[in-house]
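Visitor: Sharing a structure, written as structure tokens. Questions coming.
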Amino acid sequence: MDQIKTIVSTVTEVFIALLALAIVASLLVGADNMAFLGDVAGNITQLVASLGEAGLPGLIALGIILMLFRKD
């Protein structure tokens, strides 16, 4: 079970690093020039906006997402 947790943690860290890279690249060159990644910054903005519009359920969902990415 510990090996599975380690693998999932490592894969999650890789995806977070790739997401950060995609955000920076999208902001530097523009979403129109990122055909293989799309509008990463716009998608994150839409996600945050939809969580904000959802009220309490959105706040709960945000708390759960943050708990998943928290380091122990």
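Visitor: Please work out the Kirkwood hydrodynamic radius for the chain, using every pair of different C-alpha atoms, and report it in angstroms with one decimal place.
Guide: Working: mean 1/r = 0.0709 Å⁻¹.
With all distinct Cα pairs of the chain included, I get 14.1 Å.
Visitor: Sorting 13, 53 on the 10 Å Cβ count, fewest up front, what's the list?
Guide: 53, 13
Visitor: Quote the FRET efficiency, to the nearest 0.05, computed for residue 14 versus residue 43 with a Förster distance R0 of 25 Å and r equal to the Cβ-Cβ distance.
Guide: Efficiency, from the Cβ-Cβ distance: 0.85.
Values quoted throughout were computed directly from the atomic coordinates according to the rules given, and no laboratory measurement underlies them. None of these values were measured; they are calculated from a predicted model. Because the Cβ atoms are built from the backbone with ideal geometry, glycine has one as well, and the counts that use them run over all protein chains shown.
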